[in-house]
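The values are calculated or read from the model by the stated rules, or taken from the named source; none is laboratory data. What you see is a predicted model; the values in this text were computed from it and never measured. Counting neighbours? That spans all protein chains shown, and the Cβs are built from the backbone with ideal geometry, glycine included. Surface accessibility is based on the protein's heavy atoms, side chains included, excluding ligands, DNA and RNA. Shrake-Rupley method; radii C 1.70, N 1.55, O 1.52, S 1.80 Å.
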2 protein chains.
Amino acid sequence: MTKEAAFIANGGVTSALGFRAAGVHAGFRKNPQRLDMALVVADEPCACAGTFTQNVFCAAPVQVSKEHLDGVSYGTARAVVVNSGIANAATGEQGREAARAMARITAEEVGCPATEVMVASTGVIGQHLPLEPFETGVPAALDALSRSGGHDAACAIMTTDTHPKEAAVSFAVESYEGCTFTVGGMAKGSGMIMPNMATMISVITTDAPVRSDALHEALVNAVNKSFNKVTVDSDTSTNDTCFLLASGAAALGKPAFQPGSAEFAAFEQALQAVCNNLARQMAADGEGATRLVTVNVAGAASDVDADKAARTVANSPLVKTAITGHDANWGRIAGALGRSGAAFRQEDVSIDIMGLAVCRNGMTVPFDEDEALRRFEDPEIVIDIDLGAGRAATTMWTCDFSHEYITINGDYRT
Amino acid sequence: MTKEAAFIANGGVTSALGFRAAGVHAGFRKNPQRLDMALVVADEPCACAGTFTQNVFCAAPVQVSKEHLDGVSYGTARAVVVNSGIANAATGEQGREAARAMARITAEEVGCPATEVMVASTGVIGQHLPLEPFETGVPAALDALSRSGGHDAACAIMTTDTHPKEAAVSFAVESYEGCTFTVGGMAKGSGMIMPNMATMISVITTDAPVRSDALHEALVNAVNKSFNKVTVDSDTSTNDTCFLLASGAAALGKPAFQPGSAEFAAFEQALQAVCNNLARQMAADGEGATRLVTVNVAGAASDVDADKAARTVANSPLVKTAITGHDANWGRIAGALGRSGAAFRQEDVSIDIMGLAVCRNGMTVPFDEDEALRRFEDPEIVIDIDLGAGRAATTMWTCDFSHEYITINGDYRT
């Protein structure tokens with residue numbers, strides 16, 4: 001990052017200028033103590049981009065937000081409204097009508113066209129979304145909107161997350177003297193979580209001046225290297241959504257950052273840092289996780305192969321249970337690599353676990369088991385793989401598989 | 001099947017004429033009560049075919065058995081020797097030498113060329129295979145060979161299997177009057193099982209007269225619709241191997257079954273029945289399994305799509321934990337279908353769980369939750385999916401994910 005780029009303590013979706021937020025209990029959940037609706041409002045209409053789940057069973061709010069972004073996944077937005085508790089997925093035309101109504105109610109209160117409201121939902125699949133909670137919740141959230149409301153908003157979108165996920169980075173660039181820019185955001189857990197719960201949702205804002213088409217390109221790049229590299233249980237949910245809004249409020253009256261410029265690169269770096277941070281928080285807070293697991297693959301023949309290899313290792317239940325058991329069981333990693341579809345020869349493979357060489361030339365290397373056990377005490381387990389087949393590399397984040405995962409996911413839904 | 005085709009009570013790898021077998025404690029495992037080496041010997045050299053793991057990290061015995069089958073995966077064999085305890089995987093050239101020695105020691109005792117011995121190993125990855133146990137174990141097994149030795153052989157190849165897996169079917173065909181033919185076999189658990197344990201291994205024999213090239217084609221077809229449709233934890237191991245030997249001893253002096261003939265079709269049906277039965281036993285005995293899970297997909301646009309859809313559902317940790325929790329959670333099934341890569345529209349999808357309609361037109365259908373809970377008491381859970389996108393169909397077998405799975409796989413290796 002360029003000079004002065006830094007994470008902001010307690011930063012989040014309202015760290016950037018031009019945005020206010022709130023989280024309220026609207027009534028999607030029974031517990032009145034539990035925030036269940038988040039509202040993020042921009043002071044002025046601003047550039048907006050979105051990325052969405054590729055799942056064929058995509059939820060109604062995903063379809064409606066895409067409509068509002070005019071089919072190109074970028075455009076203009078004033079507000080984002082998110083509810084937790086009900087996913088509005090597998091609900092057909094009635095679900096799409098509910099998602100459109102959710103936007104309309106919000107638009108009427110904020111005072112903007114309904115198409116300038118982005119919507120997202122997370123929770124139980126197959127239940128219809130009631131509109132009454134929006135009718136009381138949106139006015140309440142509007143009253144509560146504040147420049148420090150990011151934290152409540154982050155809490156309101158949680159499902160089985162054990163804590164809210166927020167991050168923000170500020171940066172300066174020489175060509176915009178006197179300006180400090182900020183990218184900040186919030187996210188909720190990856191994977192399909194509690195019985196019937198769905199979704200990763202993230203809302204990111206910036207006060208840098210970026211046009212919506214450039215914003216979209218930057219968002220797609222950043223998401224591909226962050227949220228799309230997180231896997232908790234290999235599930236791509238029905239509701240996965242990430243929005244990025246740019247107010248330009250930190251450099252009012254100045255020209256927009258041009259793609260390819262130094263300032264645009266600085267913005268992209270800040271955005272990537274925020275997305276990576278949120279993605280790691282998601283993986284570390286996977287259901288029942290006791291460890292964040294980072295899988296680094298190098299020496300792949302192509303980017304596609306690097307992704308296949310890292311993803312297959314990160315999704316392997318055998319690798320994930322071995323980590324829960326503090327077992328430097330590289331045979332399971334090798335097994336996953338071998339079935340991943342990535343091109344390599346077994347005699348070219350090296351594997352390190354927590355910096356300990358465990359496999360060289362595809363064969364076992366004696367290592368200090370006691371030292372390995374000590375290193376497994378770390379909250380982050382790092383696996384380094386070199387396929388010896390090329391120069392492509394990637395990083396994937398996941399978590400281990402514990403008894404708690406089975407308890408969370410095996411509980412009776414009733 | 002044709003007339004008189006039937007499963008044989010307590011049938012196994014020595015049910016077919018022309019084969020004897022034994023299982024002994026050779027010393028690969030410390031517990032002297034535990035059988036750890038199986039030997040199957042044909043009275044005469046006979047036709048043999050093999051199918052093997054596609055994993056890039058394929059084990060030394062897989063490489064050597066392929067050499068012995070002359071690169072075409074079919075040829076002639078007299079004996080199959082299998083050890084459990086050590087997989088001889090990720091062991092490089094030294095491992096290949098050990099696998100060749102394992103065949104040579106067996107060949108010397110049996111009195112045949114080393115290339116007529118097929119080898120397989122299962123157990124810990126990355127450890128070198130000692131030869132001493134073969135030097136004492138093979139003569140002991142030869143002494144113990146019998147027409148009723150199939151059960152001991154099936155016990156000797158077990159790793160974390162909770163019971164041996166055997167099946168045999170007999171059949172008659174009009175054109176071979178007076179002859180009764182048999183196909184029988186044994187198998188051990190699918191998936192990568194205990195810490196560092198690998199492998200599904202199956203040895204099947206028949207006394208039908210089938211040439212080795214036709215045998216290979218029949219084996220590939222049968223394996224694709226049985227063992228290749230089993231998934232415990234999505235892992236294809238380093239050592240997966242299936243051998244099929246045909247002695248022709250039930251119709252000595254008579255011509256071989258010709259592919260395309262009625263008798264060949266009867267043989268293929270019997271082979272499929274044995275493979276399906278063994279495959280279902282494997283899935284039901286998956287690590288920590290409390291339920292056999294059968295996933296039927298119909299209405300797919302192609303065979304490839306049917307396989308993708310069924311495999312993604314069967315491998316979904318969320319689906320598997322829901323079954324452990326007796327939860328008719330079709331949203332997780334829909335989520336898995338939607339990310340499977342199979343082509344369909346969500347509004348065309350129907351899902352039944354244990355015969356209860358839970359999803360029609362991609363939307364939820366009210367069902368009796370108490371009745372669903374009652375049906376979940378069944379030892380086999382059946383999921384029926386219709387994608388409404390075509391006419392292709394398939395069946396996949398798996399098991400649920402229980403706490404026991406985490407305990408088995410999360411245990412310290414040390």
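Evaluate 2.2 N^0.38 Å with N set to the residue count of segment A:56-130, then give the Cα radius of gyration divided by it. Show your work: numbers first, answer last.
On the way: Rg = 11.5 Å, N = 75, 2.2 N^0.38 = 11.3 Å.
Taking N as the residue count of segment A:56-130, the ratio is 1.01.
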Helix-only [θ] at 222 nm, chain A, -39500 (n - 2.57) per DSSP H run of 4+, per residue, nearest 500, equals -9500 deg cm²/dmol
If I model a spin label at residue A:175 and residue A:382 as a point 7 Å from the Cα along the Cα→Cβ vector, what separation in nanometres do I get? 3.5 nm
Could you give me the ³J(HN,Hα) list for segment A:381-395, computed from phi with Karplus coefficients 6.51, -1.76, 1.60 and θ = phi - 60°, whole Hz, x at Gly and Pro? 9, 10, 10, 10, 10, 10, 7, x, 10, x, 10, 7, 8, 7, 10
Given N residues in the protein assembly as shown, what is its alpha carbon radius of gyration divided by 2.2 N^0.38 Å? 1.04
Over the alpha carbons of segment A:118-265, what is the largest minus smallest coordinate on each principal axis, giving the biggest first in Å? 50, 39, 26
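Using 19 Å as the Cα-Cα cut-off, could you pick out the over-long pairs in B:225/B:308; A:165/A:229; A:320/B:165; B:188/B:229; A:188/A:225? It would help to have the intermediate numbers written out before the result.
Values: B:225/B:308 14 Å; A:165/A:229 17 Å; A:320/B:165 28 Å; B:188/B:229 15 Å; A:188/A:225 17 Å.
Beyond 19 Å: A:320/B:165.
Scan chain A and report its longest stretch carrying no GluC sites (Glu not before Pro) that are both in a DSSP loop and have at most 12 other Cβ atoms within 10 Å. All intermediate terms of the calculation are to be shown ahead of the outcome.
Numbers: sites that count: A:4, A:174, A:177, A:377.
It works out to A:178-376.
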Give the angle, between 0 and 90 degrees and rounded to the nearest 10, that separates the Cα long axis of helix A:132-144 from the longest principal axis of the Cα atoms of chain A. 90 degrees
State the answer as a single residue: which of B:278, A:144, B:265 lies farthest towards the positive end of the charge dipole of the protein assembly as shown, with beta carbon charges of +1 for Lys and Arg and -1 for Asp and Glu, about the Cα centre. B:265
Leaving out ligands and nucleic acids, note down the accessible area per residue over the protein assembly as shown with a 1.4 angstrom probe, in whole Å². 34 Å²
Using 20 Å bins from zero, what percent of all Cα-Cα pairs in chain B falls into each bin? 28, 54, 18, 0
Have a look at B:367, B:402, B:306 and report the one farthest towards the positive end of the charge dipole of segment B:256-414, computed about the Cα centre with Cβ charges (Lys/Arg +1, Asp/Glu -1). B:306
Given charges of +1 on the Cβ of Lys and Arg and -1 on the Cβ of Asp and Glu, with all other atoms neutral, how large is the dipole of the protein assembly as shown about its Cα centre, in debye to the nearest 20? 260 debye
Computed FRET efficiency, Cβ-Cβ of residue A:302 and residue A:262, R0 35 Å: what is it to the nearest 0.05? 0.70
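Mind ranking B:290-302, A:319-331 by how tightly packed they are, going by the mean number of other C-beta atoms within 10 angstrom, highest first? Write down the numbers at each step before the final one.
On the way: B:290-302: 20.8, A:319-331: 26.2.
Sorting B:290-302, A:319-331 by mean packing, highest first, produces A:319-331, B:290-302.
For every other residue with a beta carbon closer than 13 angstrom to the beta carbon of residue A:214, add +1 if it is Lys or Arg and -1 if Asp or Glu, then tell me the sum.
On the way: positive: A:211; negative: A:213, A:217, A:263, A:268.
Around residue A:214, the charge tally is -3.
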Along segment A:302-309, what does the Karplus equation 6.51 cos²θ - 1.76 cosθ + 1.60 (θ = phi - 60°) give for ³J(HN,Hα), rounded to whole Hz, x for Gly and Pro? 7, 4, 4, 5, 4, 5, 4, 5
Beyond 22 Å, what share of the Cα-Cα pairs of segment A:279-414 is found? Please give it as a whole percent. 35 percent
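Given a 1.4 Å probe and every protein chain left where it sits, what share in percent of the accessible area of segment A:32-82 is carbon and sulfur? Please report the intermediate quantities before stating the final value.
Details: 760 of 1690 Å².
Reported share for carbon and sulfur atoms: 45 percent.
Taking 0.36 nm per intervening residue step and subtracting the Cα-Cα distance, what contour gain separates residue A:224 from residue A:31 on full extension? Walk me through the intermediate numbers first.
On the way: separation 193, 0.36 × 193 = 69.48 nm, distance 3.59 nm.
Difference between extended and current length: 65.9 nm.
Calculate the mean, over all residues of peptide A:313-325, of how many other protein chain Cβ atoms lie within 10 angstrom of the residue's Cβ.
Details: counts 0, 0, 3, 4, 14, 15, 3, 5, 10, 7, 1, 5, 10.
That works out to 6 on average.
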Is the C-alpha gyration tensor of segment A:1-102 telling us rounded, prolate or oblate? Criteria: a/c under 1.5 is rounded; beyond that, a/b larger than b/c is prolate, otherwise oblate. oblate
Round to the nearest 10 and give me the degree value, 0 to 90, for the angle of helix B:212-224's Cα axis relative to the longest principal axis of chain B. 30 degrees
Interface A/B, total buried accessible area with a 1.4 Å probe, nearest 100 Å²? 4900 Å²
Which loop trypsin sites (Lys or Arg not before Pro) in segment A:1-68, with loop taken from DSSP, have no more than 13 other Cβ atoms within 10 angstrom of their Cβ? A:3, A:30
Report, to the nearest 10°, how far helix A:262-284 tilts away from the longest principal axis of the Cα atoms in chain A, using its own Cα long axis and a range of 0 to 90°. 70 degrees
Looking only at other chains, what is the average number of their beta-carbon atoms within 10 angstrom of each beta-carbon in B:339-350? 3
Enumerate the amide H contacts of residue A:14 below 5 Å, restricted to partners 5 or more residues apart or on another chain; note that Pro and chain-start residues carry no placed amide H. A:150
Under 13 Å from the Cα of residue A:254, which aspartates and glutamates turn up, not counting those fewer than eight places away in the same chain? A:177, A:207, A:263
Shielding by other protein chains, B:362-370, mean Cβ within 10 Å: 3
